[in-house]
Amino acid sequence: MTSPLRSAREERQNVGLADLAFTDSLTGLGNSRRFHDKIERLIAQRADDPAPFAIAIIDLDGFKPINDHFGRRAGDEILVQVAMRLRASMDSHSSVARIGADEFAVLYPMVFSEDAALDRVNTLIEILSAPYDVGERMARLSASSGCALYSSSDESASVLINKAETALYHAKRAGRRRVLVYSGEIEAAAKYTTHVEQALRRAVAAGEVQAFFQPIVDLQTRNTIGLEALARWTDPDLGIVSPTIFIPIAEERGIIGALSQLILRKATEAARSWPQELFLSFNLSPSQLVDQNTGLHILSILEKTGFDPRRLEIEITETGLMTDPASAEKIINELRLCGIKISLDDFGTGQSSLGRLRDMRFDKIKIDRAFVSSILDDRPSEHIIKAILALCDGLGMEVVAEGIETEAQADKLIKFGCRGGQGYLFGKPVDADATLAYLRDAAFVARRAFAR
Ligand code: C2E
Ligand code: MG
Ligand code: MG
């Protein structure tokens, strides 16, 4: 059998010189110039014809880890196979191009409605989800897509492609394997995102994002053993914006580094006046584990604020380890050498891999709220928590269960042998002053109990 790479090469040899500038050299498909050109020509043809048409941009989910895992050559092989599958799925009117490293685009001149576009693209996503042959091994991929419908003659190819890119961005944010068609709602969401981005840039520069703190307790004694710093932001126009909204935007738009440094500075300044035995837990975003300056930034802030690194714990998620495992490991080792501890946050929800627990050492695991909230009425959650606890015990890691809201949940966790807990039952996140007052109260209660 001829390899897909070879047949793509043979195909390229049949391409004339003039066409080369419009051809993707790896797959033999048209490139982004050709795609743009074809849309412009179709728009011109449709000048007197009100019939719409559709475009779709398809992006492979998690292609980079596959490339890293199987090697560059295997990555190329997969891209060629993707191209072949897409080309084979086109009807006589439609055409496909490769417009980015792992981004493909389809032009559907004869697709006239949103539903028809969704139908076609969902079929393509299905086709791309079948396993790929990589030598002796198989790789699996999924893909997401953003579509746009050409509707009025005032739209250019660039505007239409931008719309599809915006829909793709929202599809990717919603998770893997999603297909979205650009709509008024997406337009509003895109405007909101841009508004948040601009307001956040200003707020970070003005030092207006705050650090709040939530206690982490010993479940048996209820004594506070540490506090997690959580970013809080109120904008004069937007009001309170949740970190679940602004942290992902900060990551995507390159603000996370500055934001994180601001929060760490404020958090360590506040934590300096807490009792010395309390640790400070601090979240790092996945993109920060790709940036080799992260370790340096953290250590220089600790030095400036005079905070003992041995009192700091860094929370990272499994997603953070997946993007670039080698880079994440390097940063983690750097931090660990200075005495900083490493926790694995939201355990059980991401791309959990037990292999990762073997390859990388963690000091602590935080069991995600999703399991804790259903521990009372869901047998699988109960078993999963028990298994995680046994695992941590065997590997010598501490455990904190997140999102504990009721005494019944706390009781059950204690019964299973869980030592650490965090949740509204013990305290909601509050600002630095309220945290200090809370810690003084707790110390007062402890002293009174001791005196009795
Ligand atoms: P996380 O690190 O898993 O933090 C725990 C989240 O659960 C916090 O949400 C906390 O307020 C919430 N929570 C705690 N106990 C309970 C409970 O009993 N019930 C319920 N329903 N929720 C509880 P928050 O503050 O909205 O933060 C959300 C996420 O945003 C955090 O999840 C973290 O991933 C991220 N985040 C927050 N601050 C920062 C930051 O400074 N840097 C980075 N990189 N990420 C941050
Ligand atoms: Mg956390
Ligand atoms: Mg968490």
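The values are calculated or read from the model by the stated rules, or taken from the named source; none is laboratory data. Just so we're clear, the structure is a prediction, and the values are computed from it rather than from any experiment. Every residue, glycine among them, receives a Cβ derived from its backbone with ideal geometry; neighbour counts consider all protein chains shown.
Some observations on this one:
- Filter result (of a type in the set (D, E, K, R) and within 16 Å of ligand 1 (Cβ to nearest atom)) within region 302-341: 313, 315, 318, 341
- Taken over region 226-250, the criterion of being under 19 Å from residue 314 (Cβ atoms) and more than 15 Å from ligand 2 (Cβ to nearest atom) is satisfied by 250 alone.
Per-residue answers, yes or no, for (1) farther than 27 Å from residue 289 by Cβ; (2) surrounded by fewer than 21 Cβ atoms within 10 Å (Cβ to Cβ):
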{"residue": "329", "(1), (2)": "no, yes"}
{"residue": "334", "(1), (2)": "no, yes"}
{"residue": "344", "(1), (2)": "no, no"}
{"residue": "374", "(1), (2)": "yes, yes"}
{"residue": "407", "(1), (2)": "yes, yes"}
{"residue": "415", "(1), (2)": "yes, yes"}
{"residue": "425", "(1), (2)": "yes, yes"}
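- Being surrounded by 19 or more Cβ atoms within 10 Å (Cβ to Cβ) and in contact with a Ser or Thr (Cβ under 8 Å, 6 or more places away or on another chain) is a condition met by no residue of region 196-209.
- Residue check, residue 355 in a loop (DSSP other than H, G, I, E, B) and either closer than 15 Å to residue 397 by Cα or modelled with pLDDT under 85 (or both): no
For every residue, the table says whether it meets (1) within 16 Å of ligand 3 (Cβ to nearest atom); (2) modelled with pLDDT under 95.
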residue	(1), (2)
269	no, no
274	no, no
279	yes, no
287	no, yes
292	no, yes
298	no, no
302	no, no
308	no, no
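- Sole residue being closer than 25 Å to residue 366 by Cβ and touching a residue at least 24 places away in the same chain (Cβ under 8 Å), chosen from 230, 238, 200: 230
- Filter result for residue 313 (under 22 Å from residue 67 (Cβ atoms), buried (at least 16 other Cβ atoms within 10 Å of the Cβ) and of a type outside the set (A, V, I, L, M)): no
- Count of region 384-435 residues which are within 13 Å of ligand 1 (Cβ to nearest atom) and more than 28 Å from the chain's Cα centre (by Cα): 7
- The residues of region 357-372 that are touching a helix residue (DSSP H, G or I) at 6+ places or on another chain (Cβ under 9 Å) and either touching a residue at least 60 places away in the same chain (Cβ under 8 Å) or within 16 Å of ligand 2 (Cβ to nearest atom) (or both), listed by number, are 362, 363, 364, 365, 367, 370, 371, 372.
- Total residues in region 358-380, condition in a helix (DSSP H, G or I) and away from ligand 3 (no atom under 16 Å from the Cβ): 4
- Qualifying residue in region 289-297 (condition: closer than 28 Å to residue 217 by Cα and either among the hydrophobic types (A, V, I, L, M, F, W, C) or touching a strand residue (DSSP E or B) at 6+ places or on another chain (Cβ under 6 Å) (or both)): yes
- Taken together, the residues in region 126-141 that are over 14 Å from residue 67 (Cα atoms) and outside any loop (DSSP other than H, G, I, E, B) amount to 3.
- Against the list (1) under 28 Å from residue 276 (Cβ atoms); (2) surrounded by fewer than 20 Cβ atoms within 10 Å (Cβ to Cβ), the condition residue 370 fails is (1).
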